[in-house]
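The values are calculated or read from the model by the stated rules, or taken from the named source; none is laboratory data. All figures in this text were calculated on a predicted structure; none of them were measured in a lab. Don't worry about glycine lacking a Cβ; one is built from the backbone with ideal geometry, like all the others, and counts go over all protein chains shown.
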Amino acid sequence: MTVTTDVTKTGNTVTGRFTLKNLPTFDAAEVKKPLFAYVGVADLALERIKDVPAELTELNKTVSTKVQAFVAEVPAQVQGLPVAVRSNVEKASEKATDLYTKLTIRGERLVGQIRRQPATEAAIAEGKEAVRKAEAAATAARKSVKAGEKAVEGAAAKIG
């Protein structure tokens, strides 16, 4: 990145220009993926939370029998643990990648639906209008400052 400056100081006034060149670039589609995944997770969580009360009722009925069966199986499971851990880590990695992809797609779809809503489109239009007005105000301020500088220079030349 290259930064150039042309700054002068006169009394308490600093004027000048800054130029930035060769700014870094990025792929906007890749930058959006984590946000879409986040939105997808939130949407999936809301969908799944509806099933929690029924699952808790069912789990409460079967927990004691499952605990007894689990305790009886513990010695055999401990011996096969190293192989099972390796296998489970590989499966979990594949599953996480697949889930991340699905959540990204789900989030992107939801964000697209939100963007197409009339209220969202109106807010975007208002934002663009505000940016346009701010740019116009900045241009007017620059012109005013230049006119002020010329007036001060003219007055200073007359004073001597």
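In this structure, does Ser64 turn out to be modelled with pLDDT under 80 and either out of contact with any Ser or Thr (no Cβ under 8 Å at 6 or more places or on another chain) or closer than 30 Å to Lys9 by Cα (or both)?
yes
Residue by residue through the range 137-160, note down the ones that are farther than 14 Å from Thr15 by Cα, under 38 Å from the mean Cα position of the chain (by Cα) and of a type in the set (A, V, I, L, M, F, W, C).
Ala137, Ala138, Ala140
Just to be sure I understand the filter: pairs with C-beta atoms under 7 Å, separated by 6 or more residues or on different chains, first member in the range 94-122 and part of a helix (DSSP H, G or I), second member among the basic types (Lys, Arg). Which pairs pass?
Thr104/Lys33
Could you please tell me which pairs satisfy a Cβ distance under 7 Å, a separation of 6+ or placement on different chains, a first residue in the range 47-69 that is touching a residue at least 60 places away in the same chain (Cβ under 8 Å), and a second residue that is among the β-branched types (Val, Ile, Thr)?
Sorted first by the residue in the range 47-69, then by its partner, the list stays empty.
Per-residue answers, yes or no, for (1) more than 36 Å from the chain's Cα centre (by Cα); (2) at pLDDT 75 or above; (3) surrounded by 10 or more Cβ atoms within 10 Å (Cβ to Cβ):
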{"site": "Phe26", "(1), (2), (3)": "no, no, no"}
{"site": "Val41", "(1), (2), (3)": "no, yes, yes"}
{"site": "Val74", "(1), (2), (3)": "yes, yes, no"}
{"site": "Pro82", "(1), (2), (3)": "yes, yes, no"}
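Answer with yes or no whether Phe18 is surrounded by fewer than 10 Cβ atoms within 10 Å (Cβ to Cβ), over 30 Å from Leu110 (Cα atoms) and either at pLDDT below 80 or within 14 Å of the chain's Cα centre (by Cα) (or both).
Here the answer is yes, as Phe18 does meet what is asked.
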